[in-house]
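Read the structure below first, then the notes.
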Amino acid sequence: MSERADCDRCDAVCCRLTVVLQPGDDVPERFTDVTDAGLPVMARDEEGWCVAIDSARMCCSIYESRPDVCRRFVMDGPYCRDIRADYIERGSRGIPLAMY
Ligand code: SF4
Ligand code: SF4
């Protein structure tokens, strides 16, 4: 994919990745979960999307208090480009993307 990635023209594909919460993150508890391994994470819906996503606008509903991991995710960085390419290749929502 040669076109530059742009969050304004993306289905927030990165919001399907596992977001591990860090000390200092201040996320409403209803949006969080704990993995089988005991890691605190953002909860995801049955299709794999973070539950904090505003699905109508495909943007973060808690943008001002989003986790550190989300703040550090680089738009158009290698990981962004990889997951976007995978998403576009598969063509639709509902295809699980795994970070681990
Ligand atoms: S960071 Fe990348 S994957 Fe995430 S919304 Fe922006 S363009 Fe899409
Ligand atoms: S907290 Fe916001 S930016 Fe982070 S994965 Fe969830 S919807 Fe996306």
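In degrees between 0 and 90, to the nearest 10, how far off the longest principal axis of the chain does helix 78-90 point, with axes built from Cα atoms?
So the inclination is approximately 70 degrees.
About the Cα centre of the chain, what is the dipole size in debye to 20, counting +1 per Lys and Arg Cβ and -1 per Asp and Glu Cβ, all else neutral?
200 debye
Going toward the positive end of the dipole of the chain, with +1 on Lys and Arg Cβ and -1 on Asp and Glu Cβ, which of 43, 12, 60 do you reach last?
It is 12.
Roughly how many Å² is the accessible area per residue of the chain, as a whole number, for a 1.4 Å probe?
66 Å²
Across 10 Å bins from 0, what is the distribution of all Cα-Cα pair distances for the chain, in whole percents?
Over the chain, the share of Cα pairs per 10 Å bin runs 14, 50, 31, 4 percent.
If we restrict to alpha carbons, what Rg and Dmax does segment 16-56 come to, in Å?
10.1, 32
The values are calculated or read from the model by the stated rules, or taken from the named source; none is laboratory data. Here the structure is a predicted model, which is why all the values come from computation and not from measurement. Please note: Cβ atoms are built from the backbone with ideal geometry, for glycine as well, and neighbour counts cover all protein chains shown. Surface accessibility is based on the protein's heavy atoms, side chains included, excluding ligands, DNA and RNA. Shrake-Rupley method; radii C 1.70, N 1.55, O 1.52, S 1.80 Å.
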